[in-house]
1. Based on Cβ point charges of +1 for Lys and Arg and -1 for Asp and Glu, what charge dipole magnitude is obtained for segment B:2-114 about its Cα centre, in debye rounded to the nearest 20?
2. Taking only C-alpha pairs under 8 Å that are 6+ residues apart, what is the relative contact order of chain B in percent?
3. Between residue A:255 and residue A:4, what's the calculated FRET efficiency when r is the beta-carbon distance and R0 is 56 Å? Round to 0.05.
4. What dipole magnitude, in Debye to the nearest 20, does segment B:128-246 give about its Cα centre under +1 on Lys/Arg Cβ and -1 on Asp/Glu Cβ?
5. Quick one: which residues, 5+ away or cross-chain, put their amide H under 5 Å from the amide H of residue A:195? H built at 1.01 Å from N.
6. Specify the inter-centroid distance of segment B:286-335 and segment B:223-257, based on alpha-carbon positions, in whole Å.
7. In nm, one decimal, shortest first: how far is the label point of residue B:263 (7 Å from Cα along Cα to beta carbon) from the matching points in the other copies?
8. Take the Cα atoms of segment B:128-246, find their three principal axes, and give me the spread along each one in whole Å, biggest first.
2 protein chains.
Amino acid sequence: MKFKCDQITLTKALNIVSKAVTNRSTIPILKGILMEVNQEGTLKMIASDHEITIEETIHVNDVEKGTIVVQAKLFSDIIRKLPNAEVTIETENNNVIIKCLNSQFSIIGLPADEFPSVETVQSEQKGIIFSKSILKDMIRKTSFAASVDESKGVLTGILIELRNNSVNLAAIDGYRLAISRKAMVNLEEKDVVISAKIMNEISKILNDASEEDDEVKLYLYNKSAIFIVGNVKVVLRLLDGEFIKYRDVLPKDSNIKVKVSKGDLIESIERASLLSKEGKNNLIKFSIRDNIMTITSKSEEGNVKEEILITKDGEDLEIGFNAKYVLDMLKAIDDEEILMYFTASIKPCLVEPLEGDSFEYLILPVRITGN
Amino acid sequence: MKFKCDQITLTKALNIVSKAVTNRSTIPILKGILMEVNQEGTLKMIASDHEITIEETIHVNDVEKGTIVVQAKLFSDIIRKLPNAEVTIETENNNVIIKCLNSQFSIIGLPADEFPSVETVQSEQKGIIFSKSILKDMIRKTSFAASVDESKGVLTGILIELRNNSVNLAAIDGYRLAISRKAMVNLEEKDVVISAKIMNEISKILNDASEEDDEVKLYLYNKSAIFIVGNVKVVLRLLDGEFIKYRDVLPKDSNIKVKVSKGDLIESIERASLLSKEGKNNLIKFSIRDNIMTITSKSEEGNVKEEILITKDGEDLEIGFNAKYVLDMLKAIDDEEILMYFTASIKPCLVEPLEGDSFEYLILPVRITGN
């Protein structure tokens, strides 16, 4: 195997492919990157940790066909630190020789036979096309609400619902629910769940992918999904199990409606949570009276009171929340003003945009005991 | 006690004073900041951990004389997160009430009596005046070479030598020596040693101090030193014990002189050290032959060879170094080209600028065993 390629192209490709390299595996080959050079002048680099496989294909020069697996971290570190010039890489028995100007490395490679094979896109499949920025946005607006507890199975994932006229992403961890919607036409109805952690990796790959590639193609199968952006292909396993019917938990009878500035609310809650560290639930209390929302919290160290002007329809209310959950949600929202719907102090709060249905968030309250 | 002050001024002052707050102390008062408001309209804030005391004085309005100690972290977090507006702070019994627009905090304060007192500048003392940037520079160029092993006493410090026509800073940890010199006139001869850790704190304080204050004044006593920059005063304890007579260890008979590009050397060593992780000494080998310096290293994972063009006077040489020590030194040097003086493979390497004596570095070699 032999090829020449400029250092920058190689470094960028390695940055993307390395995201699939696991640090946890004890199987040496999974800490590696498979390099496959073919006669037509392309280098395919593949990394896989069983849950996610990333493959990137780049054009290279002076090729001699062949394959080898290199240690991902060492190889990436070497390429990244080489001068910005042409790099020559070739195999010599089981060694990989890397040359660039006055630098020469020889590192040990592994034979490619044991490397896992990568699923291919079935030719009859029609992909769903997203703009990169929209997909990143929808992931950011939902992934934080997925459970981080690995024992929670399907709740560690993001539900992707393809519907006739929209794509919906939803995540729920038992304390909060996040929904992001985007109008799209002519989709075949389908539901899949993908690990939120892997969706966040996809988001990073979209960030690192060439700016020229504006679109992502998504192919859904029964047990796997494939994302393709430019010359990068990501294959991942779907999560098994049935997702919570989240529409059933959305409240239908909220009779208190509050319009509030998201920025004011974030700042006030951040201050209030400086004194809410007691216990584990970061309790802050909302007192909603007429056109003022008062947020209070206290600890052994002191107490705090914050007041925010609001517009309210409906009765007054006292309700407690975990400050972290409210902040996670508010920070995922781009809108300057939001609507908060309440029913009672033991019923969840629903948050929506002033107009449209691009997002919905639901947060369970924390019971307030005494004062 | 009462005063009003804008949030930004207060935040900046707290950032500086907080650097003296210890996290290790179990004495609650040392986790605090003493606030002292006097009738003339100034607020003095002081924090101290016995080794270093920082005092900053700012102008405030609407004062009522008084003192209180607040928890440094909580108080700084609160002030930093307040809106950019006027903050009113007043005591109510042992509580400190903080008000700003629609926010109101009440936190517990401690009485000021137990707070350590701060050393004052003796009026007959003549301070040494540094430019801020020169002092920061001299600290950066020497502090890395001080020992980080607390049991090494005076070697954890930086020696400050005041001489008739120069100020010299020196640090030595047994493996390397760093010297930085700056011409200055009319100094009274004096040697003091200050903890390198504290000198690095001083450097950060100089960074954070108002840009209008270009000068630092240094007052040296027998057991302490005082740095004054603008309205900030830093008092610190000197380290006891006699510093190594570092001039005695500088080689006098180096007969191999190499001129090399610092940038090329850094990049080559960084690459070579990717394969020098075996053992703990990061061994890299320099082969100096004619006008080429070859740097090699190897590990179980592979090997690397780097070549750099040099200008040499004297014989060829093979010598080994700990890559980290060479890199620490090279990164502290601003010059593009440097001179390296060698004697033999078991003798230290001396590094100097092409001209002048603004710095000198000495590094002990690592013995090379076989190939």
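1. 420
2. Across chain B, relative contact order equals 12 percent.
3. After rounding, the FRET efficiency stands at 0.20.
4. 240
5. Sorted by chain and number, the residues that satisfy this are A:158, A:239.
6. 29
7. Counterpart label points of residue B:263 in the remaining copies fall at 4.3 nm.
8. 39, 29, 25
Throughout, read-outs are computed from the coordinates displayed, never taken from laboratory work. On a predicted model such as this, the values are computed, not experimentally measured, just so you know. Reconstructed Cβ throughout: ideal geometry from the backbone, glycine too, with neighbour counts over all protein chains shown.
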